[in-house]
Every structure is written in structure tokens, then in C-alpha cells.
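Notes for the one structure printed next.
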Amino acid sequence: MEKIFEPSEEQKAFMREAIKLANSNIGTTNGGPFGAVVVKNGQIVGKGANRVTATNDPTAHAEVVAIRDACKHLGTFQLDDCDVYASCEPCPMCLGAIYWARPKRLFFAATRENAANAGFDDSYIYQQIPLSPEKRDIPTAMFLNAEAQTVFKDWIDADQKIPY
């Protein structure tokens, strides 16, 4: 991967904090060696280390934990004008969460190949995502589509809602 820019000393400090959070999980039973921070206006507003095994929650990846922490502290569900620093390239789930949170930028240190070499290989998931549902390895079927569509119609027609 080509270097896109030369990070500032402040950006390096934020990335080192994410890496420090990743390192803090080594020797614990909390989860894998991953960390993330969310930064707004030069201040860390959310932190996360992987908590999958500590919480028995397969979604408790560092980026998701950091996003939840930042949103709680900021009192919002979107990370407008925030930067996410992750110790490793986000997995597909985390990348989706980051896009939903809508930060300004994403930075990461290690690559997904580095993670795979350490036993955290998500290439299988990347291969499954572009497949049509009927071709994925987890059997998938759609039913009651018409009934479910009424929920979306009701949402569109609702006067009281917060779009996102």
C-alpha cells in the first residue's frame, strides 16, 4: 500500500494510542490485539480495545467499542468531524460500522495481511460478501418480504423520526 500522506506528530500520537490499546490486550483474556481511538478537534473522545472474549460478544471489536464510547461521550450517533485511528485495517464488520458512523477520516497501522499472519484472517468474509445470498456458505433465505416492506412504508410516512 502506498503512503498517501506524511502524518503529523499529533496523528502519530493518536495512532500510538490505538496501538497501545491493542498491546494492552496481550496477556489478558479480553480479546485480540486490536485497539482504536476516535478523535475530534484534537482530543480523544472514544477509546476501544478488542473485548470479544471478555464480553462473549463477537461484535466487540476495538473499532466498534471505540465508536460506541465516542458516541456516548458526544451524545450523538454520528461521528461528524471525527477521525478514527485503528491499530489494524478494519475487518468488514468494523468498516461497515465506521461508514455508518460517518467520520471524516480513517487511519490504520497494520494491514489485514499482518492480522492474518497473527491468526486473525478475515479473507473468508471478504470473499463471502460480494456473493449473492444463495451462493454464500451460510444458508440464507428470504421470506415475508411483503409484510416486512410495510415497516419501511410506515417509516417513510412517520412524522416522528430521526433520519440517519
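The values are calculated or read from the model by the stated rules, or taken from the named source; none is laboratory data. Bear in mind the structure is a predicted one, so any value in this text is a computation, not a measurement. Note: ideal-geometry Cβ built from the backbone for every residue, glycine included; neighbour counts use all protein chains shown. These area figures cover heavy atoms from the full protein model, side chains too; ligands, DNA and RNA do not enter into them. Shrake-Rupley method; radii C 1.70, N 1.55, O 1.52, S 1.80 Å.
Does any residue of the range 38-53 turn out to be open to solvent by less than 30 Å² (accessible area, probe 1.4 Å) and part of a helix (DSSP H, G or I)? No, the conditions are met nowhere in the range 38-53.
Being more than 12 Å from the chain's Cα centre (by Cα), in contact (Cβ under 8 Å) with a residue 60 or more places away in the chain and surrounded by 13 or more Cβ atoms within 10 Å (Cβ to Cβ) is the requirement here; does P33 meet it? In short, yes. Evaluating W155 against the criteria (1) more than 17 Å from G35 (Cα to Cα); (2) exposed (fewer than 10 other Cβ atoms within 10 Å of the Cβ) leaves one unmet condition, (2).
From the list G31, G27, the one residue that fits, being on the phi > 0 side of the Ramachandran plot, in a loop (DSSP other than H, G, I, E, B) and in contact with a helix residue (DSSP H, G or I) (Cβ under 8 Å, 6 or more places away or on another chain), is G31.
Do you know which residues across the range 18-60 are among the small types (G, A, S) and farther than 17 Å from M93 by Cα?
Selection gives A18, A22, S24, G27, G42, G46, A54.
Quick one: how many residues across the range 69-111 are out of contact with any Lys or Arg (no Cβ under 8 Å at 6 or more places or on another chain), over 19 Å from E10 (Cα atoms) and surrounded by fewer than 18 Cβ atoms within 10 Å (Cβ to Cβ)? Residues flagged as out of contact with any Lys or Arg (no Cβ under 8 Å at 6 or more places or on another chain), over 19 Å from E10 (Cα atoms) and surrounded by fewer than 18 Cβ atoms within 10 Å (Cβ to Cβ) within the range 69-111 amount to 13. Of the listed requirements (1) out of contact with any Cys (no Cβ under 8 Å at 6 or more places or on another chain); (2) among the β-branched types (V, I, T); (3) modelled with pLDDT of 95 or more, T140 misses just one: (3). Restricting the first member to the range 94-108 and to residues that are on the phi > 0 side of the Ramachandran plot, and the second to residues that are not in a helix (DSSP H, G or I), the beta-carbon pairs closer than 7 Å and six or more apart or on different chains are R102/Q78; R102/L79; R102/D80.
In this structure, does Q149 turn out to be over 15 Å from the mean Cα position of the chain (by Cα), closer than 30 Å to M15 by Cβ and of a type outside the set (G, A, S)? No; evaluated as a whole, the condition is false for this residue. Pairs are defined by a Cβ separation below 6 Å, a sequence spacing of at least 6 or placement on different chains, a first member in the range 115-130 that is closer than 12 Å to P33 by Cβ and β-branched (V, I, T), and a second member that is modelled with pLDDT under 95 and part of a loop (DSSP other than H, G, I, E, B); no pair meets this definition.
Scanning the range 133-151 turns up no residue that is in contact (Cβ under 8 Å) with a residue 12 or more places away in the chain and either open to solvent by 60 Å² or more (accessible area, probe 1.4 Å) or touching a strand residue (DSSP E or B) at 6+ places or on another chain (Cβ under 8 Å) (or both).
One residue is enough: does the range 45-63 have a residue meeting the conditions free of Cβ contacts under 8 Å to residues at least 60 places away in the same chain, closer than 25 Å to Y164 by Cα, among the acidic types (D, E) and in contact with a strand residue (DSSP E or B) (Cβ under 6 Å, 6 or more places away or on another chain)? Scanning the range 45-63, I find at least one residue that is free of Cβ contacts under 8 Å to residues at least 60 places away in the same chain, closer than 25 Å to Y164 by Cα, among the acidic types (D, E) and in contact with a strand residue (DSSP E or B) (Cβ under 6 Å, 6 or more places away or on another chain), so the answer is yes.
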